[in-house]
Amino acid sequence: MSGEVLFLSHRIPFPPNRGDKIRSHHVLRRIAELAPVHVATFADDVADMAHEGELAAITASHCLTLRRKSLARAGAEALVHGSPVSLTAFRDPVLAAYIRRVLAERPVSTIYAFSGQMGQYIPASFKGRIIYDFVDVDSAKFEAYAEAGKGPRAWIDAREGRLLGAEEARLARRSDVSLFVSSEETALFRARLLPQDRLECDVRALRNGIDASFFNPVGCVPAEAMLAASSPRIVFTAQMDYAPNIAAARRVIERLLPAIRQTFPEASFHVVGRNPPESLKALHGRTNVFVHGAVGDMRRYLAAADLALVPLELARGVQNKVLEAMAMTLPVVLTPDAATGIGGSDGHHYAVAESDAELAGKTVALLGDPVRRAALGAEARRFVVDKLSWQATLAPLAGMLGLSETAVRDAA
């Protein structure tokens, strides 16, 4: 089948500087190699709008609109309409009008929707293929928040999980293929479907990859800001306005570092990533804790570290932060949730631990054994280069889309 593709995404896939945008960026680029692609997407802020030229360079047409709806307004609309807040937050008449126009005027044979918020834009009248990339089971994430929370917030999260679960099932029934980032997320989603839907819905894993030519320690100059701190240097890299990442950083600072410093009293801990909350920024410089915020080149901070510590207690899908550290030959100590979907083996490609005592113990053991650290890091890079390149992970995409590898791209 030949034709054009409509790509729907809740965030502009440029720049690829956070987990969801890394995946959508590489998927969009691969689709653009196969067929003319039209993109409807949102900018979170003015900085995102500055990347519109990069989007235009690979698309036949696009609509990029700044998302202005406040969370409070989205919440109020959601209560009135009985819908998930996640959907009302991304409901926009400008984007909807663009999508109607593209489907009316262009020979779109396939819609690729990225993330659960965008299913609301797929018209019931569309007769072509629909590929739905959920990435993670978002409804399960909100259910976990509700179980861990209390009061009104727990009620809100429970409501969101329930309504999102119903929406996810509806979208799976509507789609030709439903995609998730790992076999574990795929199994979780299938288990949550009704028996009849489980039989009829095509649910698959499309794993994240890594650009190992970019994340390569060869020739990478370590960040001076980290080298100035005492060693051993432990790093945690993440988008730092996301609650599970904040909780993981605080777990290191409050629960793991005291145990690690019984053996390595000068150990420093470095939090690297955009938008850290004030509660974390206030700890910068105290007891060898450094909160660096957004940085120009994450590779330099990974290159300056002795070990990456990723003690996530709630993780959905494949953690790009782990893949990036592995590609940089950095040994990683992580929780089982953070290792989900990577496919490596404990003790060979990374070190898995769950309790605070186990996490601190494995960290101390590796910090005290430079030879073992180097071997673990080398095996980690070898694994991601061989198994997790974007070319390898996205190889099935053309077939899913119903597009030929030799599809001719016509001018839009």
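Descriptive notes on the structure:
- Criterion applied to A303, A308 was being more than 21 Å from the chain's Cα centre (by Cα) and not in a loop (DSSP other than H, G, I, E, B), and the one residue passing it is A303.
- Subset tally (residues that are touching a Ser or Thr at 6+ places or on another chain (Cβ under 8 Å) and in a helix (DSSP H, G or I)) for the stretch 1-33: 4
- Boolean, S83 is more than 23 Å from the chain's Cα centre (by Cα) and closer than 18 Å to F14 by Cα: no
- Enumeration of residues in the stretch 9-25 that are of a type in the set (A, V, I, L, M, F, W, C) and under 20 Å from F236 (Cβ atoms): I22
- Residue selected from the stretch 98-132 under the condition aromatic (F, W, Y) and in contact with a strand residue (DSSP E or B) (Cβ under 6 Å, 6 or more places away or on another chain), by the criterion farthest from V27 (Cα to Cα): Y98
- Complete set of residues in the stretch 26-74 that are within 19 Å of S115 (Cβ to Cβ), surrounded by fewer than 18 Cβ atoms within 10 Å (Cβ to Cβ) and out of contact with any Phe, Trp or Tyr (no Cβ under 9 Å at 6 or more places or on another chain): D44, D45, R68, L71
- Residue among S389, S345, S355 that is modelled with pLDDT of 90 or more, within 24 Å of the chain's Cα centre (by Cα) and surrounded by fewer than 19 Cβ atoms within 10 Å (Cβ to Cβ): S345
- In summary, helices (runs of 4 or more DSSP H) completely within the stretch 70-125 and bearing 1 or more residues that are in the same structural domain as L171 (by TED's automatic domain parsing) and among the aromatic types (F, W, Y) occur at 93-105.
- Filtering the stretch 118-158 to residues that are over 26 Å from A96 (Cα atoms) and basic (K, R) leaves K141, K150, R153.
- Criterion violated by P36 - all others in (1) under 21 Å from the mean Cα position of the chain (by Cα); (2) touching a residue at least 60 places away in the same chain (Cβ under 8 Å) satisfied: (1)
- A single entry from A305, A315 fulfils the requirement of being over 30 Å from L179 (Cβ atoms) and either surrounded by 22 or more Cβ atoms within 10 Å (Cβ to Cβ) or modelled with pLDDT of 95 or more (or both): A305.
- Residue in the stretch 199-245 that is farthest from R129 (Cα to Cα), counting only those that are of a type in the set (D, E) and over 19 Å from the mean Cα position of the chain (by Cα): E224
The values are calculated or read from the model by the stated rules, or taken from the named source; none is laboratory data. What you see is a predicted model; the values in this text were computed from it and never measured. Cβ: placed from backbone, ideal geometry, glycine included. Neighbour counts: every protein chain shown.
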